[in-house]
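The values are calculated or read from the model by the stated rules, or taken from the named source; none is laboratory data. Treat the numbers as computed from the prediction; the structure is a model and nothing was measured. Here the Cβ positions follow ideal geometry from the backbone for every residue, glycine too, while neighbour counts run over all protein chains shown. When the accessible area is computed, the model is the full protein with side chains, heavy atoms only, and any ligands, DNA or RNA have been set aside. Shrake-Rupley method; radii C 1.70, N 1.55, O 1.52, S 1.80 Å.
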Amino acid sequence: MSMTMTQKILADHAGLNEVVAGQLIEAKLDVVMANDITGPMALPIFKQMADKVFDKDKVVLVPDHFTPNKDIKSAENSKAIQDFSREQGLTYHMVQGKCGVEHAILPERGIVVAGECIIGADSHTCSYGALGAFGTGVGTTDIATGMAIGELWFKVPSAIKFVLKNKPQKYVSGKDIILHIIGQIGVDGALYKSMEFVGDGIQYLTMDDRFTICNMAIEAGAKNGIFPVDEQTIAYIEEHSKKEYKIYEADEDAIYDEIIEIDLSQIVPTVAFPHLPGNAHTMDEINQLEKIYINQVVIGSCTNGRMTDLRKAATILKGKTVHPEVRVMVVPATQKIFVQCIQEGLAEIFVEAGCAFNTPSCGPCMGGHMGVMAKGEKCISTSNRNFVGRMGDTESLIYLASPETAAASAIAGYIADPRKVEE
């Protein structure tokens, strides 16, 4: 039986020679992750199942959503997972100031590698598909089960193959590509399916581009997103991890529900308008509209807070000044990236341009803190969701874009085309 890349990973972890779409399996887990919102909810359930986690090397609790703690409740949540991590002797004991945003810190620390089966109590756990792994978000009960026994039930997903062709234009990155795709297929266009990316265009995508694309697979309803393992992937894994990894390749005659070709050279900078990631508009279209004035810009998150993202934003902002009516939050995804921004002079560029340069956190992305919006305000953000009330008041508006588009807009004071910065 021919299988997709995702199906092969799941079959192997279930101890089966083959699986088919729709089949229910029980698979062994390589990593079980939760954060300071989901982790505390899972702990009481876990304690009804077990006294010890199934493997202290494979359970990771990351404080990132409401950290630095914004109030007493968030402090209690952080303390709960810190205490549990310490009591259980977890190998990766994550503490604010020593880690970062979960979906950036796990690859950076080498905790996740190719061929693994990973669950996280966060929907954007599908990010790890960039490394050729199966990563998917689950609920707190499933996380508690995973922590206790190291296995979980899955329904094997069918798949859509996205054939990425040709080289993207300047100012077009992974964020533009995935917004284009979600705009094309819709927010439920890949519902409970695997989004598998192939094609010669992959060679032009950085690992950060791939993390961004897989991160937002869930915004099309997908179970996971995944890229094949190439030389760039192997170089990343071997730089960051000492774990053994395994490369899976889809069979040439694997069955896909659909095959969609994407010509990367034809994609232009793209923005998702409120209130869905699939409400995509190209900058060519936006340039024909009345200017959309903004109050806030957020550059960061698990989607676009990595080093290449911040370099792109800094290139736009260097020597420029943020519009006087706009506030900008720049949030590196990890402490390592934070330090690298200082070493490379990016932090100085951001601050001199008039940006707030903040400690790693999910805060602004989900309206936790460090960027909550008031009624009627508009924000352009490099994060992954623009639902009603996501970043503050239910009457505020969120536009999703790449770091370059966000930076260009910060200078202009309205949603602006990064291709016009040099004009």
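Where only protein heavy atoms count, and the probe is 1.4 Å, what is the accessible area per residue for the range 120-187 in Å²?
In whole numbers, the range 120-187 has 26 Å² accessible per residue.
With the cut-off at 1.5 for a/c, could you classify the range 35-105 from its C-alpha gyration tensor as rounded, prolate or oblate?
Values: a/c = 2.05, a/b = 1.32, b/c = 1.55.
Taking the square roots of the gyration eigenvalues as a ≥ b ≥ c, the range 35-105 is oblate.
Could you list which residues have their amide H under 5 Å from that of Ile260, counting only those 5 or more apart in sequence or on another chain, with H placed in the peptide plane?
Those qualifying (amide H under 5 Å, at least 5 residues apart or on another chain) are Lys161, Phe162, Val163.
Can you work out ³J(HN,Hα) from phi for every residue in the range 271-281, in order, using Karplus 6.51 cos²θ - 1.76 cosθ + 1.60 and θ = phi - 60°, giving whole Hz and x for Gly and Pro?
Residue by residue, the range 271-281 yields 10, 8, 7, x, 10, 9, x, x, 7, 8, 9 Hz.
For the pair Lys155 and Glu348, what calculated FRET efficiency results from E = 1/(1 + (r/R0)^6), where r is the Cβ-Cβ distance and R0 = 56 Å, to the nearest 0.05?
Details: r = 50 Å, r/R0 = 0.89.
It comes to 0.65.
Between beta-carbons, use under 12 Å as the cut-off and find the net charge around Arg210, counting Lys and Arg +1, Asp and Glu -1.
Details: positive: Lys175, Arg306; negative: Asp208, Asp209, Asp230.
Net of charged neighbours comes to -1.
Per DSSP helix of 4 or more residues, -39500 (n - 2.57); summed, then divided by the residues of the chain. What does that give at 222 nm, rounded to the nearest 500? Intermediate values should be presented prior to the final figure.
Working: 14 runs with 132 residues, N = 423.
After summing the helix terms and dividing by the residues of the chain, the value is -9000 deg cm²/dmol.
Please find the FRET efficiency linking Ile292 to Gln169, where r is the Cβ-Cβ separation and R0 is fixed at 22 Å, and quote it to the nearest 0.05. List each step's numbers first, then the result.
Values: r = 22 Å, r/R0 = 1.02.
Result of the calculation: an efficiency of 0.45.
In terms of the Cα gyration tensor, with a ≥ b ≥ c the square roots of its eigenvalues, is the chain rounded because a/c is under 1.5, prolate because a/b exceeds b/c, or oblate?
Values: a/c = 1.77, a/b = 1.24, b/c = 1.43.
Because a/c hits 1.5 or more and a/b fails to exceed b/c, the chain counts as oblate.
What aspartates and glutamates could a cross-link reach from Lys52, if we take a straight Cα to Cα line under 18 Å and drop same-chain neighbours fewer than 8 places away?
Asp30, Asp83, Glu87, Asp142, Glu151
Quick one: accessible area per residue over the range 191-332, 1.4 Å probe, rounded to a whole number of Å²?
Details: 6290 Å² over 142 residues.
Solvent-accessible surface per residue comes out at 44 Å².
Within the set Lys79/Lys175; Lys193/Lys375; Lys167/Lys242; Lys320/Lys420; Lys175/Lys291; Lys170/Lys378, which residue pairs have Cα atoms separated by over 25 Å? Please list the in-between numbers first.
Numbers: Lys79/Lys175 34 Å; Lys193/Lys375 37 Å; Lys167/Lys242 32 Å; Lys320/Lys420 14 Å; Lys175/Lys291 22 Å; Lys170/Lys378 27 Å.
Violating the 25 Å Cα-Cα cut-off are Lys79/Lys175; Lys193/Lys375; Lys167/Lys242; Lys170/Lys378.
Taking 0.36 nm per intervening residue step and subtracting the Cα-Cα distance, what contour gain separates Val388 from Lys47 on full extension? If you can, show how the numbers build up before the last one.
Numbers: separation 341, 0.36 × 341 = 122.76 nm, distance 3.52 nm.
That works out to 119.2 nm of additional length.
Among rounded, prolate and oblate, which fits the range 1-53 when a ≥ b ≥ c are the square roots of the eigenvalues of its C-alpha gyration tensor, a/c under 1.5 means rounded, and a/b larger than b/c means prolate?
Working: a/c = 3.19, a/b = 2.47, b/c = 1.29.
It is prolate, given that a/c is not under 1.5 and a/b is the larger ratio.
Of the heavy-atom accessible surface of the range 294-423 (probe 1.4 angstrom), what whole percent is carbon and sulfur? Working shown, then result.
On the way: 2290 of 4490 Å².
Carbon-and-sulfur percentage of accessible area, whole number: 51.
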